[in-house]
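What follows draws every value from the coordinates through simple rules; no lab data is involved. Just so we're clear, the structure is a prediction, and the values are computed from it rather than from any experiment. A quick note on method: Cβ atoms are made from the backbone with ideal geometry, for glycine too, and the neighbour counts reach across all protein chains shown.
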Amino acid sequence: MDPRPVCLTIAGVDPSGGAGVLADIKTFAAHDCFGTGAIASLTFQNTTGVFGSVSQSAETVYQQIKAVAEDMEIAAVKTGMLPTREVIEAVAASISEFRLRNVVVDPVVRSTSGFDLIDDAALDALVEKMFPLAVVVTPNLAEAERIIGGRITSIADLNFAGAKMLDRGANAVLIKGGHSIERQPAKAVDRLYLREETKEFEAEFIAGEPVHGTGCALSSAIAANLAHGKGLFDAIADAKRFVTDSIRTAEKVGHGNRPVNV
C-alpha cells in the first residue's frame, strides 16, 4: 500500500483545537494525509477569544521545517499565522531551499473582529515573499481589506481586491465571505481570482451560532486535496464541501463560538 501524502502546516497553535496547527492536522487526517506541523506562534485562546500570543524565532521555525523536509517527501504546505517579518522570510526561504510544492497561503493578518494580528512590516513581507510561492492565497474579507488597505463593501470592491493581489504577485486569490456583501444568506459564495478568469464556488449558507476555524479548515483541506493530485478547481470545490459539512455538524464544546467539526 502506498503511503499517505505528507502535508505540512506552518502556523500558530490554538490550544483549544479550534484553529491553527491542531485544526490543520485534524483536517489533513480527515483527507487521508499524514499531517506534520511547524509552530510559528503560541497563542492563548479558546472558543471565547484570543488573549495573547508568543512568537517563535525565525531560527526555531526554520529548524522545525528543516527537520521534516529532510526526512519526508512533503506533498503540500499550508501556512497560517506567520507573526513577524523574520519568520515570514525564514518560511519563504525554507520553501525555496527544500523545493516545497503545492503551497496554500492563508494570510492570517486580521481577525474577523477587526484586530490586526501582524504589523505592517510583516504584512509587506507576507505579500512580497509568500504570495508568489503560493498556488493560491485564501483571505477572508477582513484579511483582504488589510492587504489592500481599503474597505470592501461591493462586488466591484471585491473584484478590485482580487486584481490588486494578483498584481502584487499572487498566482490565484480565493476571497472568502462574498455572501456578506451580496446579502444572499441562502448561499455562501467564495470567489477565485486568476489572471485569465474569475470563478465562483457556492455552497449552502448555514445559519446559526458562529463557527470558529473555518478559514484554517478550508485552506488545509485545499492543501490536502492538492497533495492527492487534484487540480485547483476540484481542490477548492471539495474543500468547500468539506467545510460546509464541518459547519453543519459543529458542536458546542465551550462557552464561545463552536469549533469547526474537523
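Structure values in brief
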| item | result |
| --- | --- |
| Burial ordering of Phe131, Phe44, fewest other beta-carbon atoms within 10 Å first | Phe44, Phe131 |
| In nm, spacing of pseudo-spin labels at Phe98 and Glu197 (7 Å Cα→C-beta vector) | 3.4 |
| Debye, to nearest 20: dipole size of the stretch 67-183, +1 on Lys, Arg Cβ, -1 on Asp, Glu Cβ | 420 |
| Order of Ile10, Ile88, Ile25 - criterion: other Cβ atoms within 10 Å of each residue's Cβ, fewest first | Ile25, Ile88, Ile10 |
| Burial ordering of Lys26, Lys199, fewest other beta-carbon atoms within 10 Å first | Lys199, Lys26 |
| Cα-Cα over 24 Å, subset of Lys199/Lys240; Lys26/Lys78; Lys78/Lys199; Lys66/Lys129; Lys78/Lys252; Lys26/Lys230 | Lys78/Lys252 |
| Percent of C-alpha pairs per 10 Å bin, the stretch 60-141, short to long | 18, 52, 25, 5 |
| Of Leu126, Ala92, Thr9, farthest towards positive along the dipole that unit charges on Lys, Arg, Asp, Glu beta carbons give the stretch 9-129 | Thr9 |
| Separation between Cα centres of the stretch 76-155 and the stretch 24-45, rounded to whole Å | 17 |
| Convex hull volume of the chain per residue (C-alpha atoms, cubic angstrom) | 115 |
